[in-house]
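Below: the structure, in structure tokens.
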Amino acid sequence: PVSILPVELHSAILLIGQAFERSFVDRSFERDELDEEEITELSSFELRVSHVSKHWRTVALGTGQLWSDIAIQPGYSSERAEAYFARSKRCLLDVQLRDCPDTALTRKMLNLLFQDSVRWRTCIIEAGLDSLTMTEIVSLAVPNLEEIEINVQPPDRARLSDESWQGRPVLNGGSPRLKVANLHGFAVHFARPPLSNVTHLELDYRGRLPLDYEKFREMLTNAPSLVDFSINGELIDALPHNSHSGSVVLPNLLRLCISSLYGQVYSRILLTVKAPQLQSLVLEGAQNSDLDPFLEAPYDLLHLRSFSLCGSAFAPSKLNKVYASFPSLKEI
């Protein structure tokens, strides 16, 4: 019987079961095979196993990692969040702060999480510019944070006279282990984490306040460790005429993906980013003339093997020019 298993082995089995079920839910959700009610039921593996028997409950409650996923969002249970926080003991946390309701109970729970930010491992934030969440993460220290995703909603007010809407940093207390950063919406302006150790960066912005070129260049200069870089939307404003003097070298970059509704963005970015080790270039939505400025003055990409065009339209003559510019290509 399971009751004779060593507690450590029983705990390990529970963690494997939880990971397997979450993987199943994620795959099924992507295929639209589960509705919201089924997903809610399946997401509580840790609650179900803690009600099998007294012994199972003792093991489950003693396995802090089972309770390390904490979500504060509309409709959440403050009692459940507090229980998960207490049961997680000193384990690292996976935190989700999504449009947190402005209530006394929520503020209490947020304060507990912010005071224990040393335990954050991953974090997803969706918040308004003037929310408590955005205020608190400015100076937050997260020494164990590995991944962060931030989506800042458009401000519903005018900019204050002494307020900067370009380059507002967050996590100023330090995030030395941060490797993955996904910035969506106005997060590219209002919520920039330290990028010095980040290897995977995604910037997704489709609003009417693009970064000016120097701010974009500064952001890349502060991210020398990038291996994978994705850009969606019209992120950059105008590119200086002397583009080569403003380029940024990313010595470790292996993959670059650009998706935009505005053709001029493709060459702007390609003329800015110098990636001598680049192996894969992905362009989504690019049209025949979008690469002309770049192809007129290409730089050596000796390791480029893959050139992917998704939803793009290029004439055969333009593809021939791409092959001629980058002879190391093996596929387009």
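Of the residues His200, His51, His303, which exhibits the maximal mean-square fluctuation in a Gaussian network model of the chain defined by a 10 Å Cα contact cut-off?
His51
Give the angle, between 0 and 90 degrees and rounded to the nearest 10, that separates the Cα long axis of helix 7-30 from the longest principal axis of the Cα atoms of the chain.
Rounded to the nearest ten degrees, it is 50.
Working from Cα positions, state the angle (0 to 90°, nearest 10) between the long axis of helix 316-325 and the longest principal axis of the chain.
90 degrees
Run the count for the chain, please: Lys pairs, Cα-Cα under 29 angstrom, 8 or more apart or on different chains.
The number of close lysine pairs in the chain is 11.
Assuming a viscosity of 0.890 mPa s and a temperature of 25 °C, what translational diffusion coefficient in µm² per second does Stokes-Einstein assign to region 204-312, Rh being the Kirkwood radius over Cα pairs?
This corresponds to a translational diffusion coefficient of 176 µm²/s.
How about region 273-332: which trypsin sites (Lys or Arg not before Pro) there are in a DSSP loop, with at most 11 other Cβ atoms within 10 Å of their Cβ?
Lys330
Taking a ≥ b ≥ c as the square roots of the Cα gyration tensor eigenvalues, with a/c under 1.5 meaning rounded and otherwise prolate when a/b beats b/c, else oblate, which class fits region 267-327?
Note, shape of region 267-327 comes out rounded.
Between the DSSP loop rule and a limit of at most 11 other Cβ atoms within 10 Å, which trypsin sites (Lys or Arg not before Pro) in region 108-210 are left?
Arg157, Arg159, Arg208
Can you tell me the orientation of helix 78-87 relative to the chain, as the angle in degrees between its alpha-carbon axis and the longest Cα principal axis, to the nearest 10?
The helix 78-87 is inclined about 80 degrees to the chain.
Cβ neighbours within 10 Å, averaged per peptide: list 148-154, 79-85 in order, most packed at the top.
148-154, 79-85
Quick check on the chain: helices-only [θ] at 222 nm, where DSSP H runs of length 4 and up contribute -39,500 (n - 2.57) each and the sum goes over total residues. Nearest 500, please.
The helix contribution divided over the chain gives -9000 deg cm²/dmol.
For the chain, what is the convex hull volume of its Cα atoms per residue in Å³?
That works out to 172 Å³ per residue.
Using every Cα-Cα pair within region 87-237, state what percent have a distance larger than 28 Å.
The answer is 17 percent, as a whole percent.
Values quoted throughout were computed directly from the atomic coordinates according to the rules given, and no laboratory measurement underlies them. Bear in mind the structure is a predicted one, so any value in this text is a computation, not a measurement. Heads up, the Cβs are rebuilt from the backbone with ideal geometry, glycines too, and the neighbour counts pull from every protein chain shown.
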